[in-house]
Structures are given as structure tokens and as C-alpha cells.
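Participant: Sending over a structure as C-alpha cells; questions will come in a sec.
Just so it is clear, none of the values below were taken in a lab; they were calculated from the coordinates. Source: prediction; values computed, not measured. In this analysis, Cβ positions are derived from the backbone assuming ideal geometry, glycine residues included, and neighbour counts consider all displayed protein chains.
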Amino acid sequence: MTNEEIKEYISAHAPNATFEETGEWLNIIIEAAEWKALATAIKGNPLQMDFVFCLTCVDWKTHLTMVYHLTSTKQRHNIVIKANLTIDQPQIETVAGIWRTAEFHEREVFEMFGVHFSNHPDLRKLILEEDFKGFPLRKDFEDPINMIKL
Amino acid sequence: MFSLEGITTATQDWLLIKFNPTIALAIECVIVILLSISLFALLGLVLVLMERKVAARIQIRLGPNRVGPGGIFQTAADTLKLIMKEGLTPDTADKFLFNLAPFIVMMVAMLLLAPIAFAKNFQIWDINIGVLYISAISSLSVIGILMAGWASNNKYSLLGAMRSGAQIVSYELSAGFAVLTIVVLTGSLQISEIVAAQQNGWWLFKGHIPVIIAFVLYIIAVTAETNRAPFDLAEAESELTAGFHTEYSGMKFALFSLAEYINIFIVCAIGATLFLGGWMPLHIGHWEGFNHIMDYIPSSIWFMGKTFFLIFLIMWFRWTFPRLRVDQLLNLEWKYLLPISLFNLLLVTIIAIMGWHF
Amino acid sequence: MYNQTEIIKDTTELGPEGELVVNMGPQHPATHGVLHLVVTLNGETIKKIEPHLGYIHRSIEKMCESLTYRQFIYVTSRMDYLSSHINNTACALLVEKGMQIEVPERAQYVRTILNELTRIASHELWIGAMAMDLGAFTPFFYAFREREMITEIMEDTCGARLTMNYIVPGGLMYDIHPTFQNKVKAFIKQFKEKVVEYEDLVTNNVIFQSRTKGVGILSAEDAISFGCTGPVARASGVNCDIRKIAPYDVYAKVEFDEVIETAGDSFARYMVRIKEMNQSIRIIEQLIDTIPEGDFVGKTKNVLKLPKGEFYQRVETARGEFGVYIVSEGGTTPHRIKFRSPGFSNLSALSHMAEGSKIGDLMATMGTLDLVIPDIDR
Amino acid sequence: MNISAIIFYAISALILGAGILAVTSVKIFRSAIWLLFSLVGIAALYFWMQVEFIAAIQIVVYVGGIVVLIIFSIFLTQHSGKEMPKPTKSKMIFSALASLSGTAFTYNLISHYDGFTFNSSKPFNTSMNEIGTQMLSTTNYGYILPFELVSMLLLAAMVGCIVIAMRPSSNQIASATIMLTESEILNKKD
């Protein structure tokens, strides 16, 4: 499937999506609210995006961006989906029910960036202690005791 | 010729001359106790070293080689370390039972030493129910393990104890049946008579196929009964860290591992007595010259040689096989070994009645 | 749900339905590191497994944000330390892709050979550790005998035995040792002889087979859904070898088969790794005599600056797909860096695979997942 | 008082002491262990009387079998280390009465045989052959009928066990094992 066809299909399911083709793979920037519906749509035919090989978040100081790298194990096309979130109340729908690997990755993003995944089955800290304060991978995180500045 | 029998009778005569019979008996008891304790200590050291050396050979390495020539004092040094170590007792443990358990296991192992014939006419107690005594007393050792597992108040220990209980209780059956085949052939439970019956050939050769089956069953069953790999589920270190002795340290731990090795020695000694003729030398038919040469080797050496051969066999198993799973372990006993041993016992009974053995 | 601190205290009492809650780890012989699994048991049967991570989390991603593009490669050796060379390759490839640096062919050949040697070394260690999990100690020493030859080759080549750090953006740090080719050939010869021993000792062992066959089954759909990669996914019949999908270095030039098994159980995962070692030998054999002469490092600037944008590089480590994702703002350090580690995704499938099986099966399943804890915790 | 009598009193003290501890202990697992010691003491008494076969059977059946079963059932049902509630007054009174009447009954039985004088003139015949023949003989004083009846009973119990334990758990296997061991040993002896 070519990028044009993918674009067409995604536009049909997420009208507000914008595209970016400068990088290696097709980047799709969507609204956070559209994500769950789009995820369900691209998982099935004809795109068959059944494999999330990377799920992470980027802190831009003004806003957060969720980044999903998806591929299809059957058709071998890769796409990158991005959704911008506000820094004060980052919230996005979980996709743990669609790709089960998202459950652990979302938990990691939750504790490292403070993104709240609504309807996540088990949204708890995975790596840090329960009572840890702050979100370590955010740019404004400071830990005067354990962090060494270069 | 040098003989242990002469020493014992001489000692007894001397004691009876010097003291009245009761005191002489008491002194004999003390001597026997001291001797068996020192035998224990020695066996522990030797067997642990042997295990490490055998393991090393199998695993293409050298094993202990720093303390003493060829590392022979390594286990002594280890024992010294264990004695110096603090014997921790967990806070929430049942302290009385926790501290009692290693001694129970140890005492059971000691009691088992009584009817073993170490050499010609050299036996602590030639009890007339010999092998029954052994199977009765050895069923006690599970109590010590259950006690240790429960009193530690640790879940790994408890799981280990449960496994060990199910395992020992199951495999006692096969071991018992294997022993019974020889009892049926000999017509006696007494160790000295069983050995005497092998004057003209070991049961392993005389009793042909059914005894060979029984021997294989016996080796498998006692490997399981002594909690050795591949049946070491009670202390499966990759699953239960150390099973029933997870919480033990220092000398209390050492007692458990010492008891394990003593138990191996005892089951192998019994195996050697039942199937390989105990202290009887190897005799072949009418080769008078050969038999005569064999007779020159002291009986204690024959006994020890056979026992250590079986011990080596069991060690070889440990360093070759992966561990079984708990349900596979019970399946093996209940679905395979037990029916085979029942059938085998019937076969032996027929052979014994018809006199088909040599 | 249980609170983490509560769980550690609560080791004496039974759960609400009479089930045992056992803390497997952080110190446990079978977790091979500081992995903490909270296992809920019903007798011997596993009801639930909950991993607790972070005991050696060093926040490498945060550290990398203040390291330059030359420096950050060395940190990645400390993640999956058994595939350190492959991790380094991934980072170098990403920088080379971003800055369009030409890599000399000689460097590419050597990288590929070393990648495959690393893979074999990792699988060798895995065989030993896995057999140990199942209670057999001896294969460990047999496996380490061959692994030792590889680590010696590595030591000659780059001075280190575990964390290689041999790769710089643009090629290699030094040229290969003069004895490199001979030693690798000697290793291939020895390995081909000795792999028969593993087959005798482990593969054909009845107890080993009964412990692993039909244990910890992972279907192809689940493998994809859980994001499993590497031998774990290939044992379930998923084509996911990055060396085939998106070839890097000289993988496109060599002939090798992607090893696929379909059973999806622990034994299949074991067989995949054994066969993969043979494929790695095949790759090395094709390359070792044809290493081209020339430079070992391409022309690069002293200060590397990645252009503004996002870059992603996937490689196939011994454990599966390793990904580096860099968001650059054009400076000397990355704005955000993300390492997609194979172990993290593979671990997430553990609970699904082991539920309903016995404790002994958990060891077989966990052993064949080949978890390296620093790789999971990063 | 000769050494034999001293040993007898020592063993009796062990049996009684362990027995009292078994009923007074507040920890159920400890009770089982004290019971075990008491039973081992009885086996020791048999050894003292030189009836080794009975002693060995005592250990196999009671110590190796019954107590292990009891311990297993404690493992499977009780919470670790919990203390049992103190028994009520009425319970204590009834148990005291029961043990008193038991003592009186036993005393009554023993007192028929010229008080408590120990008569060693009648030695036991404890050879294995004798026991085996007696057990399986059909003539006077032969025990073939009760022996076979007991075997049937044990077989029925075992079948019952297996039927109940359609999903076999280890303790039921254990109980079946023990029963089987006993019956087989008795059957095959001699």
C-alpha cells in the first residue's frame, strides 16, 4: 500500500489529521480525541497495523507529543502517529485493548511523563516507587540529590 | 589377615574382663556412638569433596584445588566457616521447631547406620527385621523436612516441604518394593542373612532380569527419596531458592546438607548390600584361583568400593539431568514405577517359588 | 490492588482466597538479575504474575539527553550487555543515517561479523542459564567454553569482553587485530564440533523435552499483539527478523535463513536459538574471508550534529528488535532519545504465557524469554 | 532397680510428657510434633520389649503414615503459625473425665493379671517366619480371615480415596500411598 492510499484511508477516519513526509516514514499528526477510533480502524483491514514497535512521548516544554510507531507484519508498511497533548493535563485514550504491548509501554509513559491514559486496565507505576514525586523524563524535572549535571 | 572382627571381639573381651557386663555394655555404647559420629563427620567431608570433584570432572573444570594437596581440605575449611557463621533464626519462625528440625533429620540419618554391615561380622546391631527397620526409620526423615518447612514461616520453605512430603511418601513405595524383591529371594529381612545368601554370587547376577529391574527402580527411587537431582524439587534452587532450608544458615544448614550426604551413603550402602552382595567379594563360578585372589581383598574395602560406586552413579545423575516438574515426578512414580515394581514383585515371587534363579 | 511496599512485607499470610502470594525476586536465582515478580499461586499453579521493575533503572534515556552523539553510544552497552555490540551498531547506524556519513565497506563487514559473534555469545550464555533454570548445571560450562573463545576474540579486537564500545559513527574505533580472521575461523571449527554436544546433552534429553514441550505457549497473534520480537516471536511463527525486513550493514549481501518455528512453546524458542547460532556461523563464514581492505572509519567531523528532525533505527539483537528513536533539534545533544528494548515487550507477555501452569513451567517460560534485566529497566 | 527398668521409666516419661504437651499445646503444628514424639516413644517401648517387628510397624504406620497425614492436613487447612483458641471450660472437664475413665478401664483390665509384676519367663516368639505363618494360616489361631478382611477394607478405603480425589491433590495421594504401603507390606511379608 502506498503512502497516498494510507493517507486517504486515515483522512476518512480522522478528518483533522495532517501529514508529514519529510522523514523516513509517513508521519500523521492527529487530535488526541480521535486516536481511539483511528487505532481501531487501522488495526483492521485494509491497513492491518497490528504491531506497535515503539510507543513513547516527547516533551516539548510547551506541550507533550505521544508518538506511536506502527507497522504491519503482513504488508510491511510503517507509519508514525503523533498526538499533541497539553502539558498541564495530558490525557489520551489508551490502546491497551487493541495492542496489548501498549499496556506496559503506556504505564512507562504514565510514570515518566505523567500522561494519563483513560480506560487503561491497570494504570500504576511500573518502574518507580509508588510514592515517587515528579515525572523524570520531562524537561523540567530536577533531582538535586541523584542527578549529575554535565 | 587384618580383620575388623578381631578388633571388636578383642575390645569386648577386654571390657568384660575389666568391668561388669552392664558397665561394659554402656562403654561399648559410648564407643559406638563416638565412632559413628566421627564416621559421620568424615563421610560428610569426603562425600562433599567427592561431589565437588565429580561435578568438576563432568563440567570440564578442576574443582577445589587450593586448600591442601588437590584441595582435599577444602570441605574442612568450609565446615570451619559454617561453624563460625551465625545461625540465624527468623523472627517470625517457630523457634523451637526451627532449631529442632536439623537435629531430627540428623538423628534419623544416624539411626539408619545401626543395621549396616560395614565388613564381615562388623555391624552395630544385626536386628532380625533389618531392611524393615531401615524403611521404617527412613520414613521419619520426612518429618524433619516438613518441620523445617513449616517452622521457617516462609512460603518457599512451605512449598518445598509440601513437595518433599509428597515426593518421599510416594517414592518410598518403589524403594520398598525393590527391597522386597531381595527379601523374597532371600527369605529373610536380616542384613547378615541377606549378605550370606550372596556367598556364591551377587543378587544382581543371580536373580537376573527381575533383580536388575528392581535395582534400577531402587536407584531411581532412592535418588528421589534423598531429594537429589533430578528429583531435587524440595530445594529446587531455580524455583524455590532453596526450598525447605531457605531460612537456615551456619551449622544448622550444614546439618541438613550433612544429613543429605549421610542419607546418600546409607541408601547406597543398602543398595550395595542388597544387590551387590555387601562385603562379599566378587566370586565367579568355579574359578578357584580368581575367587581366592578376590578373598584377599578385605571385606570392608569391598563394601566401601561398592557403596562409593553407587554414590558416584547418583552424583553422575545429578550433574547430567535437568530437574523434573512436580507433576511429572508424581506421574513417574504412580503411573510407571509403581505398576512396574508391583509386576516385578510378582515375577520375583514366581521365580523364587519355582527356584529359577541361580 | 497491592501496594508495592505492602507486597514485600506480606510474605507470611495467605491471600483472600487462600492463595499464596510469593515474591520471586528481586533476589532470586531464576530471575537472573533484579527482576521482581509477584506471583500469585494456587498450590503449585500460577494464577497471576505481576512484574515489578526498576531495581536497576538508571534512566539512560535522560542521561543521553545531555550526552553528545559520540558519547551516548557507550551508555547503550550497559543496557542489553549481552548484545552490547549490536546496540552500539544501532546507535552508530542512526547517526550515520542522520548525517549521511559514508561507512567504509571494511567497517561494515567487521561490524556484521562481530554482530553475529555477539549473537552467538549471547545465545551460548542463554543455553547455559536456561539449562540451569531447569536444574541442569553442566551445560552452563559447556556453553561457556565456546563463549570464552568469542570473548577472547572480542578482547583482542577491542580490549573489552562484555561492553565492547568498538563502534564509532562512521566505522570502527580501531582496525581489527591481525589474528582476528584466524581466531574466528578456529572458533567456527570448534563450534561446529561442539554444537553436537549440546544436542546430546540438552536437546535430546527426555527430561528437558518434557519440561519444555507444550510449556508457555504463545500464539502468533499474541506474539504480535504483545510486541514480542526476536526468537520469542519467531518461535511462534512470526516473520520479524530485522536483518531480513530492513537490512543494515552487509546483511543484504549474505545468504542466511530466517529461523521460524511454529509451535510457540518453550522448546520451539530453544530450537530457534540453536538454529540461529548455525545461521550466524553461516553468515560469518561468508564474510570472514572477504573482508575488503581499506579504511576502517569514514570521514566525519569532530563535532557531530544531527539535523533537526526525527530518526529511527531498528536492528536485530540476540533478544529481538532493538530500536533507537532520536528527536533532534539540531544541537550536539539529542532532544529526546528513546530506546525500544526487546526485553521489555517480551516480559509483558510472561504473565499471559505462564498463567495456569506450574512453578516449574514458569522457569522454563522465563528462561526461554531470555530476559536481560538492564535491558528491561534501561 | 536395674538398667532395664530405668530405660522403661525414661521411655514412659517421654511418652506421657509428649502426650500431655500434645494436648496442651496451643499451636496445632506443635501438637502434631508432640504426638509424633509420643508415638516414637511407644515404638521405643516395643524395641525395649524386643518385639522389633511391631516396633517397626508402629513407626511405619503411625509415625511415617498417620502423623505425616496429620501434618499434611494442617499444611493444607491452617494458616501458618496461628495459635488455636483456648478450649472452653466444659470441653476441658469432659476431656479430663474421658481420660480418667480410660485410665480406670485400662487399670481394670491389667489388674486381672496378678497386679503389675513383670513376668519374663514367657518369651515372645517374634521370628518373622512365625508371624508370617500365623498371619496366613487357616488352622487354629490363624489370622487369615481377619487379615484378608482388613485388606479388603483398606482396598475399599483406597478406591474411595481415588473416587473422592478425582482431581488428585498431593495429600490424598499420600494417604492412598500409606494405606497401600501398609497393606502391601503386611501382605508380602514372608
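Participant: Quick one: C:Y142, A:Y68, fewest Cβ neighbours within 10 Å first, how do they rank? It would help to have the intermediate numbers written out before the result.
Facilitator: Numbers: C:Y142 21, A:Y68 24.
Fewest-to-most Cβ neighbours within 10 Å comes out as C:Y142, A:Y68.
Participant: Could you work out which residue, out of B:D126, B:D94, B:D327, moves most in a Gaussian network model of chain B, that is, has the largest mean-square fluctuation with Cα springs under 10 Å?
Facilitator: B:D327
Participant: So, R0 is 56 Å and r is the distance between the beta-carbons of B:E288 and B:L25; what FRET efficiency does that work out to, to 0.05?
Facilitator: On the way: r = 42 Å, r/R0 = 0.76.
Between B:E288 and B:L25 the formula returns 0.85.
Participant: Reported to two decimal places, what Rg/Rh ratio describes chain A when computed on Cα atoms with Rh from the Kirkwood expression? Can you show the working numbers first?
Facilitator: Numbers: Rg = 16.2 Å, Rh = 16.2 Å.
Ratio value, two decimals: 1.00.
Participant: May I pose another question? Taking every residue in B:94-102, how many Cβ atoms of other protein chains lie within 10 Å of its Cβ, on average?
Facilitator: Values: counts 6, 0, 3, 4, 0, 0, 1, 1, 0.
Taking the mean over all residues of the peptide, I get 2.
Participant: Enumerate the amide H contacts of C:V215 below 5 Å, restricted to partners 5 or more residues apart or on another chain; note that Pro and chain-start residues carry no placed amide H.
Facilitator: Amide H to amide H, under 5 Å and 5 or more residues apart or across chains, C:V215 pairs with C:S266, C:F267.
Participant: Apply the Karplus parameterisation 6.51 cos²θ - 1.76 cosθ + 1.60, with θ equal to phi minus 60°, to every residue of region B:74-85 and state each ³J(HN,Hα) to the nearest whole Hz, in sequence, with x for glycine and proline.
Facilitator: Those phi angles translate into 4, 5, 4, 5, 5, 4, 4, 4, 5, 5, 6, 6 Hz.
Participant: Indicate the gyration tensor shape class of region C:40-190 (rounded, prolate or oblate), computed on the Cα atoms with a ≥ b ≥ c the square roots of the eigenvalues: a/c under 1.5 is rounded; otherwise a/b larger than b/c is prolate and the rest oblate. Walk me through the numbers on the way to the answer.
Facilitator: Working: a/c = 2.86, a/b = 1.28, b/c = 2.24.
Verdict is oblate for region C:40-190.
Participant: Along the positive direction of the dipole of chain C (beta-carbon charges: Lys, Arg +1; Asp, Glu -1; about the Cα centre), which of C:P342, C:P26, C:F180 reaches farthest?
Facilitator: C:F180
Participant: What's the longest uninterrupted piece of chain A once you rule out the GluC sites (Glu not before Pro) that are loop residues per DSSP with at most 16 other Cβ within 10 Å?
Facilitator: Numbers: sites that count: A:E21, A:E24, A:E31, A:E129, A:E130, A:E142.
With a cap of 16 other Cβ atoms within 10 Å, the longest stretch comes to A:32-128.
Participant: Summarise the long-distance tail of P(r) for chain B by giving the % of C-alpha pairs beyond 30 Å.
Facilitator: Roughly 42 percent, rounded to a whole number.
Participant: Which whole-number percentage describes the relative contact order of region D:1-90, with Cα contacts under 8 Å and a sequence gap of 6 or more?
Facilitator: Values: 74 pairs, mean separation 25.9, N = 90.
Across region D:1-90, relative contact order equals 29 percent.
Participant: Ranking C:T76, A:T18 by Cβ neighbours within 10 Å, fewest first, what do you get?
Facilitator: Working: C:T76 28, A:T18 12.
Going from sparsest to densest Cβ surroundings: A:T18, C:T76.
Participant: Can you spot the aspartates and glutamates whose alpha carbon is less than 18 Å from B:K85's alpha carbon? Ignore those fewer than 8 places along the same chain.
Facilitator: B:E247
Participant: May I ask which residue of B:Y171, B:A41, B:W316 lies farthest towards the positive end of the charge dipole of chain B, with charges of +1 (Lys, Arg) and -1 (Asp, Glu) on Cβ and the Cα centre as origin?
Facilitator: Checking the options against the dipole of chain B, the answer is B:W316.
Participant: Report the charge-dipole magnitude of chain A in Debye, nearest 20, computed about the Cα centre from +1 at each Lys and Arg Cβ and -1 at each Asp and Glu Cβ. Write out the running numbers ahead of the final one.
Facilitator: Working: 15 positive and 23 negative charges, 41 e Å.
With Lys and Arg at +1 and Asp and Glu at -1, about 200 debye.
Participant: Nothing charged except the Cβ atoms of Lys and Arg (+1) and of Asp and Glu (-1): what's the magnitude of the dipole of the protein assembly as shown about its Cα centre? Round to the nearest 20 debye. Before the final figure, lay out each step's value.
Facilitator: Working: 85 positive and 102 negative charges, 224 e Å.
For this selection, approximately 1080 debye.
Participant: Report the Cα centroid-to-centroid distance between region D:49-67 and region B:59-85 in angstrom, as an integer.
Facilitator: The two parts, judged by their Cα centres, are 41 Å apart.
Participant: Hey, another quick one. Only helical DSSP H runs with n ≥ 4 go in: add -39500 (n - 2.57) per run for the protein assembly as shown, normalise by residue count and round the 222 nm mean residue ellipticity to 500 deg cm²/dmol.
Facilitator: -17500 deg cm²/dmol
Participant: Taking a threshold of 30 Å on the Cα-Cα distance, which of the pairs B:K81/C:K358; B:K120/B:K252; B:K335/C:K358; A:K125/C:K47; A:K82/C:K305; A:K139/C:K48 fall above it?
Facilitator: From the list (B:K81/C:K358; B:K120/B:K252; B:K335/C:K358; A:K125/C:K47; A:K82/C:K305; A:K139/C:K48), the Cα-Cα distance tops 30 Å for B:K81/C:K358; B:K120/B:K252; A:K139/C:K48.
Participant: Okay, moving on. Say we join alpha carbon atoms closer than 10 Å with springs in a Gaussian network model of chain B; which of B:S300, B:S38, B:S157 then has the biggest fluctuation?
Facilitator: B:S38
Participant: Using only alpha carbons, build the gyration tensor for the protein assembly as shown and give me the equivalent ellipsoid semi-axes, biggest first, whole Å. Spell out each step's value before the answer.
Facilitator: On the way: eigenvalues 882, 233, 129 Å².
In descending order, the three semi-axes are 66, 34, 25 Å.
Participant: About the Cα centre of region C:119-212, how large is the charge dipole given +1 on each Lys and Arg Cβ and -1 on each Asp and Glu Cβ? Please answer in debye to the nearest 20.
Facilitator: Details: 10 positive and 12 negative charges, 24 e Å.
Dipole size: approximately 120 debye.
Participant: Continuing with the same structure: Which residue, C:G135, C:G214, C:M271, has the largest displacement toward the positive end of the dipole of chain C when charges sit on each Cβ (Lys, Arg +1; Asp, Glu -1)?
Facilitator: C:M271
Participant: Restricting things to alpha carbons, find the Rg to Rh ratio for chain C using the Kirkwood radius for Rh. Don't skip to the end; give the middle numbers.
Facilitator: Numbers: Rg = 21.1 Å, Rh = 21.5 Å.
Expressed as Rg/Rh, it is 0.98.
Participant: How would B:V46, B:V184 line up from fewest to most surrounding beta-carbon atoms within 10 angstrom? Don't jump to the answer; show the numbers that get you there.
Facilitator: On the way: B:V46 16, B:V184 21.
In increasing order of surrounding Cβ atoms, one gets B:V46, B:V184.
Participant: Given the protein assembly as shown, what percent of its DSSP beta bridges are antiparallel, to the nearest 5?
Facilitator: Approximately 85 percent, going by the DSSP bridge assignments.
Participant: Stokes-Einstein at 37 °C, 0.692 mPa s, Kirkwood radius from Cα pairs: D for region B:150-193 in µm² s⁻¹?
Facilitator: Working: Rh = 12.7 Å.
So the translational diffusion coefficient is about 258 µm²/s.
Participant: Take every Cα-Cα distance within region B:102-163, group them into 5 Å bins from 0 onward, and report for each bin the whole-number percent of pairs it holds.
Facilitator: 4, 18, 21, 17, 14, 10, 8, 6, 3, 0
Participant: Which lysines have a Cα less than 20 Å from the Cα of D:K86, not counting those fewer than 8 places away in the same chain?
Facilitator: Once the sequence-local lysines are set aside, what remains near D:K86 is D:K27.
Participant: Region C:153-241: which GluC sites (Glu not before Pro) are DSSP loop and have at most 13 other beta-carbon atoms within 10 angstrom?
Facilitator: Working: sites: C:E155, C:E193, C:E197, C:E199, C:E221; in loops: none.
Qualifying residues, ordered by number: none.
Participant: Sticking with this one: Which one of B:W125, B:W279, B:W202 has the biggest mean-square fluctuation once chain B is modelled by GNM with Cα springs under 10 Å?
Facilitator: Of the options given, B:W125 has the highest mean-square fluctuation.
Participant: Report P(r) for region B:202-305: all Cα-Cα distances, bin width 5 Å, range 0 to the bin holding the largest distance, values in whole percent.
Facilitator: Bin by bin from 0 Å, the calculated values are 3, 11, 15, 17, 15, 11, 10, 8, 5, 3, 2, 0.
Participant: Shifting gears a bit: Thinking of region D:1-90 as a set of Cα atoms, what percent of all their pairs are more than 19 Å apart? Before the final figure, lay out the partial values.
Facilitator: Working: 1930 of 4005 pairs.
The proportion of pairs with Cα distances above 19 Å equals 48 percent.
Participant: Here's a follow-up. Beyond 17 Å, how much of the Cα-Cα pair distribution for region B:1-78 remains, as a whole percent?
Facilitator: Values: 1868 of 3003 pairs.
Result: 62 percent of Cα pairs exceed 17 Å.
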